[in-house]
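Report on the following structure.
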Amino acid sequence: MAKGMGEQITIPISTFEITIAYVRPVLNLWLDGAAIVQKMFDVFNSWDIKVDDVEAVTTGKPSEQGVKFKLPQQRIAFFFGPANCKFTKEAASWINADETLGVLASALDALVHHGGVEPGKKSTSLAVHLQPKNVPFRELLWPFLAPAIAQLENSKAEAMAYVVRWKGRRITLDGSGVLANGVFLCLERDFEQTVSLEDIKDAVFNDEAALLALLNVEEVDS
């Protein structure tokens, strides 16, 4: 988007998450995962992980139990269990996207080579809270309101939410529940086993760029 073309916004909150299912469950990771826990800790040692940053998850169904690692300085969390693993990055930014994917790739490499995991299908979620600098957030959402619904009242709607789902893809557009005068975007996609992390990064980037263009906004420094 050319500079100056859209409403200026900042993005104070953004979270990226990817869940990777295994082709088949690896029950050793649930019942006797000490060796891979140590290996994973060694891998994360490059990012200054501490013992207190490792948590055993023992609640929920067996598929939900496992081990969670936190990298506080990077605002990253990585969980693995017997059926899948989940990677979460708070304060996600495209400037640091390659570094973030490098952390994920290192963790996956350890699971594959030391945990017997074969990564399968992947699901991503990019949740973004954006804040317009000069207009009420509703002005960004009004253009998407169906005319037939808008005509039910003479006044403008005060709140709007939109959820659109395709096969393997979902978009949520709403007012932010945690940010004053903010808009919440959530972009979710499913990917086949053969899709690379680099291709996933490109797809998510293009999804966000397309939606920001539809909103007619331009990100600026806060």
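Bear in mind these aren't lab numbers, they're just calculated from the coordinates by the rules spelled out. Here the structure is a predicted model, which is why all the values come from computation and not from measurement. Cβ coordinates were reconstructed from backbone atoms using ideal geometry, including for glycine residues, and neighbour counts include every protein chain displayed.
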Inset, instruction - Out of all DSSP beta bridges with both ends in the chain, state the antiparallel percent to the nearest 5. - result: 95 percent
Legend entry - In degrees, nearest ten, helix 97-115 long axis to first principal axis of the chain (Cα): 30 degrees
Legend entry - Cα centroid of the range 34-72 to Cα centroid of the range 160-219, whole Å: 29 Å
Inset, instruction - Counting only C-alpha contacts under 8 Å and six or more residues apart, can you give the relative contact order of the chain as a whole percent? - result: 28 percent
Inset, instruction - Give me the distance in nm between label points sitting 7 Å out from Cα along the Cα-to-Cβ direction at Ser155 and Asp48, one decimal. - result: 5.2 nm
Inset, instruction - Report, in deg cm²/dmol and to the nearest 500, the calculated mean residue ellipticity at 222 nm for the chain, where each DSSP H run with n ≥ 4 adds -39500 (n - 2.57) and the sum is divided by the residue count. - result: -8000 deg cm²/dmol
Inset, instruction - Under a cut-off of 19 Å between alpha-carbon atoms, report the lysines in cross-link reach of Lys89, not counting same-chain residues fewer than 8 places apart. - result: Lys50, Lys68, Lys70, Lys122, Lys201
Inset, instruction - Can you tell me the dipole magnitude for the range 120-222 around its Cα centre, using point charges on the Cβ only (Lys, Arg +1; Asp, Glu -1), in Debye to the nearest 20? - result: 360 debye
Legend entry - Neighbour-count order for Ile95, Ile171, Ile49, fewest beta carbons within 10 angstrom listed first: Ile95, Ile171, Ile49
Inset, instruction - State the Cα centre-to-centre distance between the range 91-105 and the range 109-138 in whole Å. - result: 10 Å
Inset, instruction - Add +1 for every Lys or Arg and -1 for every Asp or Glu among the other residues with Cβ under 11 Å from the Cβ of Val195, and state the total. - result: -1
Inset, instruction - Considering Cα pairs under 8 angstrom that are at least six residues apart, work out the relative contact order of the range 24-117 and quote it in whole percent. - result: 30 percent
